[in-house]
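Trainee: Please see the structure below; I have some questions.
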Amino acid sequence: MKKGNMLIKNASQLVTCSGSKAKCGEEMKNLHTIENGALVIEDGIIKAVNTTQEILKIYNEEDYEVIDASNKCVLPGFVDSHTHFIFGGYRADEFAWRLRGDSYMDIMERGGGIQNTVNATKNASYEELYNVGFERLNDMMRLGVTTVEGKSGYGLDFDTEIKQLKVMKSLNEEHAMDVVTTFLGAHSVPPEYKGKNNEYIDFIIKKVLPVIKDENLAEFCDVFCEDKVFSVAESRKLLSKAKEMGFKLKLHADEIVTLGGAELAAEVGAISADHLLHASDEGIKAMAEKKVITTLLPCTAFCLKEPYARAREIIDSGCAVALATDFNPGSCFTYSIPLVFGVAAIYMKMSMEEAITALTINGAAAVGRADSIGSIDPGKKGDIIILKYPSYNFIPYNTGINIVEKVIKNGNLVVNV
Ligand code: NIG
Ligand code: FE
């Protein structure tokens, strides 16, 4: 049997999420499921999708590794389109302070927060970051994630930003997970540039971005556009320059206060605007018009005890919503897809169908890959998950519990519980 050749049959529910671009508004509830479904993967690429009866008329089981998915639900691999998974150290003490009443921004202003992780990441060797990253990817894969986006932003100097990006580039090559890299040098203003935000932005534009582009170390450029971090004007300057240089754009937008990040995302043509807890009505409208993907991160709001983003209104306004974990050492130390799903379905008024779309085809669109992953369609990568139960209703019902039984990456079985 050739590697990457697989036939999955008898799926009680085959959820294809069929499509090759982000699904907006109403479309988000269309999952395109097939009862008693089957699919064929050849050389790692999906070749055919249909009912088991039709597939077995054409394809010979002897030519493939066969998985019988009787009584199981089959879905595309999840895409976690927003994480900060490469970092040194931990911030468990800050978490304890927050539980006692300190706010995230209080801690940041005292020199903790992101800067705390920056110090630890500078001190960590390339190998340390690689090894811890590799283990985190293993864990994420067990939860059904087959593509993950990862950001730099814990260096804030040339060497450490490049080190983070190179670690992710190697992980993409050496781990089964696909890793999409984002440069987030504008995550915080480093102490040596205190009060000189514009000079720091100039440093990034002149000294860092060109090297990242030359060495192909990141696809996206992101910025923490936030009160007391980077203003809308500073973010605009960086993102416009990055776009000119050929980077795709993302923004941490309207996370802590309403600042106009959503509007800026629409103005600069960002692929996604992320967080949006405090996005204005005008911002939501602008994102719908300009087809900016709105990436919501339920676990961050959960961990910070902040109100959730207005998912229902955002979808009803015609936006395409993606869901992601935002795994990072500060505001949200979790890569739990079950928790994202549970919070979205239970507290954010998203239907299960919308949440699945948000974690598959819309997540794929948020990393610029809706044409190659995020759905079970011929021509796409053979990235598939098989649940322990017969339907996707079991996902939020199993609150916080992982029910992924098998993960198939490029047509190969990589997780088998
Ligand atoms: O997405 N808000 C900015 N960045 C991260 C948190 C980073 C950190 O606290 O280390 C976020 O929430
Ligand atoms: Fe983030």
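Trainee: I want to verify a result. In a Gaussian network model of the chain, Cα cutoff 10 Å, which of these has the top mean-square fluctuation: A69, A358, A92?
Mentor: Maximum among the listed residues: A92.
Trainee: Something else: Can you tell me the dipole magnitude for the stretch 67-125 around its Cα centre, using point charges on the Cβ only (Lys, Arg +1; Asp, Glu -1), in Debye to the nearest 20?
Mentor: Value, rounded to 20: 80 debye.
Trainee: Shifting gears a bit: Of all beta bridges DSSP finds with both residues in the chain, what is the antiparallel percent, to the nearest 5?
Mentor: Of all bridge pairs located within the chain, approximately 45 percent are antiparallel.
Trainee: To continue, here is another question. Reported to two decimal places, what Rg/Rh ratio describes the stretch 79-366 when computed on Cα atoms with Rh from the Kirkwood expression?
Mentor: Rounded to two decimals, Rg over Rh is 0.93.
Trainee: Could you tell me the relative contact order of the stretch 79-366? Use alpha-carbon pairs under 8 Å, at least six residues apart, and round to a whole percent.
Mentor: For the stretch 79-366, the relative contact order is 17 percent.
Trainee: Here's something else I'd like to know. What is the calculated FRET efficiency for E289 to E127, with r their C-beta to C-beta distance and R₀ = 45 Å, to the nearest 0.05?
Mentor: 0.45
Trainee: Shifting gears a bit: Setting aside same-chain residues fewer than 8 positions from K285, which aspartates and glutamates have a Cα under 18 Å from its Cα?
Mentor: E26, E27, D254, E255, E263, E267, D274, E313, D316
Trainee: What is the distance in Å between the Cα centroid of the stretch 224-247 and that of the stretch 374-401?
Mentor: Between the Cα centre of the stretch 224-247 and that of the stretch 374-401, the gap is 36 Å.
Trainee: What list of ³J(HN,Hα) values in whole Hz, one per residue of the stretch 319-332 in order, does the Karplus curve 6.51 cos²θ - 1.76 cosθ + 1.60 (θ = phi - 60°) give from phi, with Gly and Pro shown as x?
Mentor: 7, 9, 9, 10, 10, 8, 8, 6, 3, 7, x, x, 6, 7
Trainee: Something else about it: Nearest 500 deg cm²/dmol is fine: what mean residue ellipticity at 222 nm does the chain get from its DSSP H runs of n ≥ 4 alone, each adding -39,500 (n - 2.57), divided by its residue count?
Mentor: Taken over the chain, the calculation gives -10000 deg cm²/dmol.
Trainee: Continuing with the same structure: Enumerate by residue number the chymotrypsin sites (Phe, Trp or Tyr not before Pro) in the stretch 124-191 meeting two conditions: DSSP loop (anything except H, G, I, E, B), and at most 13 other Cβ atoms within 10 Å of the site's Cβ.
Mentor: Within the stretch 124-191, no chymotrypsin sites (Phe, Trp or Tyr not before Pro) qualify (loop, at most 13 other Cβ atoms within 10 Å).
Trainee: Dipole magnitude of the chain about its Cα centre, charges +1 at Lys/Arg Cβ and -1 at Asp/Glu Cβ only, in debye to the nearest 20?
Mentor: Around 40 debye, computed over the chain.
Trainee: Could you work out the equivalent-ellipsoid semi-axes for the stretch 327-417, taking the square root of 5 times each eigenvalue of the Cα gyration tensor, largest first, in whole Å?
Mentor: Equivalent ellipsoid of the stretch 327-417: 21, 17, 15 Å, largest first.
Trainee: Taking the Cα centre of each part, how many Å lie between the stretch 195-219 and the stretch 262-300?
Mentor: Each part reduced to its Cα centre gives a spacing of 24 Å.
Trainee: Cut-off 12 Å, label point 7 angstrom out along Cα-to-Cβ of D63: give me the residues of the stretch 15-54 whose amide nitrogen falls inside.
Mentor: Label zone hits: 40-43, 47-48.
Trainee: Another question, then. How many lysine pairs are close in the stretch 156-209, with Cα atoms under 17 Å apart and the two 8 or more places apart or on different chains?
Mentor: Taking the Cα cut-off of 17 Å, the pair count is 4.
Trainee: Do any trypsin sites (Lys or Arg not before Pro) in the stretch 338-417 lie in a loop, going by DSSP, with at most 16 other beta-carbon atoms within 10 Å of their beta carbon, and if so which?
Mentor: Loop-located and lightly packed - K349, K388.
Trainee: Take the chain, connect every pair of alpha-carbon atoms lying under 10 Å apart with a spring to form a Gaussian network, then pick out the residue of L99, L14, L359 with the largest mean-square fluctuation.
Mentor: Among L99, L14, L359, the largest GNM mean-square fluctuation belongs to L99.
We did not get these values from a lab; they are worked out from the coordinates using the rules stated. Computed from a predicted structure; not experimentally measured. Neighbour counts run over all protein chains shown; Cβ positions are idealised from the backbone, glycine included.
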